[in-house]
């Protein structure tokens, strides 16, 4: 695993996605914020750290619950958006694997689809454990398998049929999570107790295949790299394939695409 290459790739991707993330991919990820905050017991007067905060949506939702929140991200571009959107919340630039905070400073740490983008997620979980007070809660979310996230399946299948799945030269991801068991094991190794993982589902609405590809291309890092690596001549066929396969998920408003994620949580003893 090339830690530097993964970090460089992810950083470049999220810097590029910052301006469009909120209107593109956040329409999918933001659906899971309430479940994430519930899992971390985020409530009035609790101090909360939002790791990989992006444009600050989770931190802002925590403040709406009466919590005292701050966010951290490694992308300066994302932080510019967060500070402009939420001027009353402090946002810091930093590394999830080396949190710039003292020990035992927070009641809760949360990360909405961020931990699995870190080169060494186990290190990030250990850092979250360090900055939590005794009895503090951690919660993070990851996507379930592509078979349960139809947006991914539609695009992967279309590229397999009409493009080239190997075209992207993105570095392999770090030690991420793929299953409920992965989350439970990682939390246990990081020192957490009272561990739990539950599956949460949602629906992501997109008008058609072109819009879906556009949202993934403009609002993600790894999926964007895969889409952008396709030959320009293949894109119309990929979109047409997504539209054909997406008929099963179409209603009178467009595509109603099933989403599924795991929300994992644990408590520092």
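Every number in this text was worked out from the coordinates using simple rules, so none of it is lab data. In this text, all values refer to a predicted model and were calculated from it rather than measured experimentally. All Cβ positions, glycine included, derive from the backbone under ideal geometry; neighbour counts span all protein chains shown.
Just a few scattered comments:
- For segment 38-75, a residue qualifies if it is touching a helix residue (DSSP H, G or I) at 6+ places or on another chain (Cβ under 6 Å) and at positive phi, and the qualifying residues are 54, 56.
- Residues of segment 76-118 classified as touching a residue at least 60 places away in the same chain (Cβ under 8 Å), on the phi < 0 side of the Ramachandran plot and within 14 Å of the chain's Cα centre (by Cα), total: 9
- Number of the exception - residue 207 against (1) farther than 12 Å from residue 155 by Cα; (2) touching a strand residue (DSSP E or B) at 6+ places or on another chain (Cβ under 6 Å); (3) surrounded by 21 or more Cβ atoms within 10 Å (Cβ to Cβ): (3)
- Each residue in segment 18-47 was checked for being touching a strand residue (DSSP E or B) at 6+ places or on another chain (Cβ under 6 Å) and under 15 Å from residue 135 (Cα atoms), and 6 of them qualify.
- Qualifying residue in segment 257-265 (condition: part of a helix (DSSP H, G or I) and either surrounded by 15 or more Cβ atoms within 10 Å (Cβ to Cβ) or in contact (Cβ under 8 Å) with a residue 60 or more places away in the chain (or both)): no
- Search result, residues across segment 169-195 that are surrounded by fewer than 16 Cβ atoms within 10 Å (Cβ to Cβ) and outside any loop (DSSP other than H, G, I, E, B): 181, 185, 188, 189, 193, 194
- Restricting segment 123-147 to residues that are touching a residue at least 40 places away in the same chain (Cβ under 8 Å), within 16 Å of the chain's Cα centre (by Cα) and outside any loop (DSSP other than H, G, I, E, B) leaves a set whose member that is farthest from residue 267 (Cα to Cα) is 143.
- Residues that are surrounded by fewer than 16 Cβ atoms within 10 Å (Cβ to Cβ) and either in a helix (DSSP H, G or I) or within 22 Å of the chain's Cα centre (by Cα) (or both) within segment 238-255 comprise 240, 244, 247, 248, listed in sequence order.
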